[in-house]
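Undergrad: Here it is, the structure in full.
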Amino acid sequence: MLRGTSVNRKRALLLVDLKYRDLPGLALVKVLLECKGPYDVVLAPHAAGYSDQLALVNGNFHLVAFPQYLQQEQVTRAHFLKRHGIGVAVIPTEGTSLLNEVRLQIAGRFVDSSPVDLFFIWNGSIADLVQAHRTIPWERCIVGGVPRFDFYHPRFRSLRLSRDRFCEKYALNPEHRIVTWATNFGWVKLRGERLSTIQRIERRYREEGLHGTFWSRDLQGVVEREIESRELLTDQLLHFARKFPEVNVIIKVHPGERPEWYERRVASAGLKNVRVISQEYMFNVLEATDVHLHRSCTTAIEAWLLGKPTIDLQFAPREYHFSEELALGGDVAFSREDCMAKIAHYVAGGALPSEQATHRPRIIEWFCGQVDGQSALRHVEAIQRWLEGSDNQRTMPSATSKDLRLAVILQIKSLLGLQPYDSLRAWLRGDFRRHFTSSEVEMWVEMIRKTLRNQKPQ
């Protein structure tokens, strides 16, 4: 049993996918639920199979929340937990998509949802797909919004770094304008992989029902396109930084990418006004920015929540990732020259077009559902209702060699002063871009508690 817990308290395990995207929102869920009554909430890095084993052998949990429920592997894990009397929730980190096939996947169209007790949904359009295809019993669904987007609400502004503090942290001149670019080239990591690896991934996507996507038809082609796009967009951003040395340029690397490629490009360019940032929360980057660049990315929505101008970079010749829906709420650059002109317009203080401001609320609701600073609370209230109404009888599985291995790992962690849910591999490598430590969870918990205490009762 974990230190400081009681056998009489209901317990929930929330699995965190990417630290710099998902940790704060789930920490907010933890704080709000623990304020509701005798509940213990543990946040753990998402690791297939390992967290499920911990939930049974070490944690004595009543509910485990997955960050996604899209693949057969996750269905198998959910059935495993249910067989031993542990509830299953899905709190999606990616709760919508710009592709129709993927939206159906997110709505549970291609997986067995029978073991899921609580299925959280970002928005009404995904909820409509759930009801139309009868993928998940409606009484198990909650249209809750996006907990991590609560941090863009004014009530949580104190949890975001101010522009001055951000500039100080990254040695930027606060008198200069800031241009940020969020990368999203998740398939580049497959560069150099064997053809059999690519084909296996394509086959998995087809088995999951994604027959109409690029990924299931020609993943190698997608990888090649992303390599070309990354090269061209990075080159253009460095060109802008060279032309405008009085502007701070930030390359915010997606938490699923590694920063080394970008760091090498910036170093070879010899530019002093460019920073590559990977270990930072997106709301801190966007709080500081004057104009945000993206590639049909969710970060555009996040920038809009702070009223910032955005430019969708769509001038790579074989670009495939483009959203006509998002295009209405921001600028789109279809050429290198157009990109330079649009960035220059905003860094010079150019105003946001009124038609973009008109479209944004509708697009935000379509994409995120309600963005009112209460999404985490909606999740908490649904989890609390389920915990109070559940009478599942938890059972322990027979001991296996896997359990023995886990016991050894837990003993090593204890000797190192780590919690059971700390990543030993990340600790050994000193790499916490994806994983996190229990001390980081406590840091967020304390900051959130302090913020809530300082807010006036509503």
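Values quoted throughout were computed directly from the atomic coordinates according to the rules given, and no laboratory measurement underlies them. Just so you know, these numbers come straight off a predicted model, no measurement behind them. Cβ: placed from backbone, ideal geometry, glycine included. Neighbour counts: every protein chain shown.
Undergrad: With a cut-off of 15 Å, note down the residues of the stretch 294-338 whose backbone N falls inside the zone around a label point 7 Å from the Cα of residue 217 toward its beta carbon.
TA: 319-322
Undergrad: What angle do you read, to the nearest 10 degrees and between 0 and 90, between the alpha-carbon axis of helix 438-454 and the longest principal axis of the chain?
TA: Long axis of 438-454 versus the principal axis of the chain: about 80 degrees.
Undergrad: Sticking with this one: Given a cut-off of 21 Å, name the pairs among 272/308; 19/308; 19/169; 30/308; 169/189; 30/252 whose C-alpha atoms lie farther apart than that in the structure shown.
TA: Those over the limit are 272/308; 19/308; 30/308; 169/189; 30/252.
Undergrad: Expressed as an acute angle from 0 to 90° and rounded to the nearest 10, what is the orientation of the C-alpha long axis of helix 195-207 relative to the principal long axis of the chain?
TA: 70
Undergrad: For residue 194 paired with residue 258, estimate the spin-label separation in nm (one decimal), with each label point 7 Å from Cα along the Cα-to-Cβ line.
TA: 2.0
Undergrad: Also: Could you work out the local net charge near residue 197, counting Lys and Arg as +1, Asp and Glu as -1, over the other residues with Cβ closer than 13 Å to its Cβ?
TA: +4
Undergrad: Pairs of alpha-carbon atoms within less than 8 angstrom and 6+ residues apart define the contacts here; what relative contact order does the chain have, in percent? Please report the intermediate quantities before stating the final value.
TA: Working: 729 pairs, mean separation 95.1, N = 458.
Once divided by the residue count of the chain, the mean separation gives 21 percent.
Undergrad: Roughly how tilted is helix 354-368, in degrees to the nearest 10 and between 0 and 90, from the longest Cα axis of the chain?
TA: 20
Undergrad: While we're looking at this one, here's another question. Relative contact order for the stretch 158-367 using alpha-carbon pairs under 8 Å, separation at least 6, rounded to a whole percent?
TA: Values: 293 pairs, mean separation 49.2, N = 210.
So the answer I get is 23 percent.
Undergrad: Further question on the same structure: If packing is taken as the mean number of other Cβ atoms within 10 Å per residue, what is the order of 329-335, 291-297, 161-167, highest first?
TA: 291-297, 329-335, 161-167
Undergrad: What is the gain in length, in nm to one decimal, between residue 35 and residue 73 on full extension, counting 0.36 nm per residue of separation less the C-alpha to C-alpha distance?
TA: Value of the extension gain: 10.3 nm.
Undergrad: What's the exposure ranking of 274, 31, going from fewest to most Cβ atoms within 10 Å? If you can, show how the numbers build up before the last one.
TA: On the way: 274 23, 31 20.
Lowest to highest Cβ neighbour count: 31, 274.
Undergrad: Just to verify a number: FRET efficiency for residue 345 and residue 393, C-beta to C-beta distance, R0 = 56 Å, to 0.05?
TA: Working: r = 64 Å, r/R0 = 1.13.
That gives a FRET efficiency of 0.30.
Undergrad: Per DSSP H run of at least 4 residues, take -39500 (n - 2.57); add these up for the chain, divide by its residues and hand me the 222 nm value, nearest 500 deg cm²/dmol.
TA: -14000 deg cm²/dmol
Undergrad: If the cut-off is a Cα-Cα distance under 18 Å, which aspartates and glutamates reach residue 342, setting aside same-chain residues fewer than 8 apart in sequence?
TA: Counting by Cα, and skipping residues close in sequence, residue 342 has these aspartates and glutamates nearby: 235, 246, 290, 312, 331, 355.
Undergrad: Arranged by the count of other C-beta atoms within 10 angstrom, fewest first, what order do 352, 195 take? Provide the component values of the computation, followed by the final result.
TA: Details: 352 18, 195 8.
Ranking 352, 195 by Cβ neighbours within 10 Å, fewest first, gives 195, 352.
Undergrad: Right, next: Can you sort 289, 299, 451 so the residue with the fewest Cβ neighbours within 10 Å comes first?
TA: Exposure proxy ranking, most exposed first: 451, 299, 289.
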